[in-house]
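The values are calculated or read from the model by the stated rules, or taken from the named source; none is laboratory data. Quick caveat: nothing in here was measured; it's all calculated off a predicted structure. Glycine also receives a Cβ, built like all others from the backbone with ideal geometry; neighbour counts cover every protein chain displayed. The area values use the complete protein model at the heavy-atom level, side chains included, leaving out ligands, DNA and RNA. Shrake-Rupley method; radii C 1.70, N 1.55, O 1.52, S 1.80 Å.
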Amino acid sequence: MEPSYRIVPANAPKSASVQDTANSLGLHDTLRYGPRSLAAEVQTESNLKSRLENWEATQDNTKLTLQRNIYGMHAPMRLLMERKIVTQGTNSFAAAMSPSNLHLDILMGRDNTLEPADVFLGMESGPSLDIHDELRKRNM
């Protein structure tokens with residue numbers, strides 16, 4: 001975790017261009033850098049997509065940095081430790097019965113949001129609810 005006050009995720013790193021692989025004449029140096037690939041030079045993903053993928057991690061990092069500066073180093077360490085304990089899931093029956101992790105949602109601050117995954121639980125692709133099958137698998 002790198003301390004940062006960044007509110008939005010950083011821009012994606014730029015891909016290589018001819019300026020990075022140019023020789024003294026300003027042309028692509030094939031002997032040093034291999035054949036030129038236009039596919040590598042064209043940015044295939046938009047900045048918006050990379051920002052949306054990193055949005056939650058950036059917001060979480062900002063909250064942890066603010067907690068560290070306000071309350072001290074113990075606050076983010078304790079929160080990260082509690083998250084790790086909750087995600088390990090020592091009871092497999094509890095994991096089989098509920099597809100969501102309420103404890104983790106509370107620790108992440110998502111307890112007051114409603115997402116489509118909360119309404120449509122996706123039971124058709126989720127774990128089986130038959131505890132007897134779980135016991136048979138465990139005993140074999």
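Numbers for the structure displayed
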quantity	calculated
Met77 - accessible surface, heavy atoms, 1.4 Å probe, Å² rounded to 10	110
Accessible area (Å², 1.4 Å probe, nearest 10) - Arg36	130
Local net charge near Gln59, Cβ-Cβ under 12 Å (Lys/Arg +1, Asp/Glu -1)	+2
Asp130, Asp111, ranked by accessible area, largest first (probe 1.4 Å)	Asp111, Asp130
Separation in nanometres of the label points that stand 7 Å from Cα toward Cβ, at Tyr5 and Asp133	5.3
Order of exposure, largest accessible area first, which applies to Leu64, Leu114 with probe 1.4 Å	Leu114, Leu64
Two-site FRET efficiency, His74 against His103, from Cβ-Cβ distance with R₀ of 22 Å, rounded to 0.05	0.60
